[in-house]
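Bear in mind that the values in this text are calculations on the coordinates, not laboratory data. Since this is a predicted model, take the numbers as computed values, not measurements. Cβ coordinates were reconstructed from backbone atoms using ideal geometry, including for glycine residues, and neighbour counts include every protein chain displayed.
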Amino acid sequence: MLYRTHLAFGFFLALVFLPVLSPRNQILFLAIVLISSLLPDIDHPKSKLGKHIKIIGFLFEHRGFFHSLLFLGIVYAVLFYFFQKNIYFIPFVIGYTSHLFLDGLTRQGIMPFHPLSKMRFHGFVQTGAFLEKIFFIFLVLADLYLLFTL
């Protein structure tokens, strides 16, 4: 999926979870969700984040380790260990998981158990094609609805 779709979906999930989790700093919560919803693409040298840290794109396969549940689990364990009394590890997990979910819907898919397995989960959405554009518009409308009804 394109970065804008990841941001729109991350924003949607942040708006859904804000009233449930009631963080003290809602802006920080939202920022963490949005940044982490883009983070898995750091392994692509042309992505919004990857173009600033190109070495990661050269060292790691796109939609490999950074798109795996193993990486998410490692980061979750580290964040939970250091921030278990602070809920701000939760928005990271929300945003990161949202990215993996959306990329799992694309034809390219993800390898959720990489590097342990090359098995790939994939869907039917072509990145940047008509269906993604429709989904993006739907997400923006849902974001606006939630934003103005909360």
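Some values worked out for this structure:
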| item | result |
| --- | --- |
| Exposed trypsin sites (Lys or Arg not before Pro) absent: longest stretch of the chain, with sites in DSSP loops and at most 10 other Cβ within 10 Å deemed exposed | 47-84 |
| Paramagnetic reach from ARG4 in the range 131-150 [backbone N under 19 Å; point 7 Å along Cα→Cβ] | 131-145 |
| Dipole in debye (nearest 20) - the chain, about Cα centre, beta carbon charges: Lys, Arg +1; Asp, Glu -1 | 200 |
| Anisotropy class of the range 73-150 from Cα gyration tensor, a/c 1.5 cut | oblate |
| Shape call, the chain: gyration tensor on alpha carbons, a/c limit 1.5 | oblate |
| Distance-filtered residues of the range 1-45 - backbone nitrogen under 20 Å, label point 7 angstrom along ILE134 Cα→Cβ | 1-6, 8-9 |
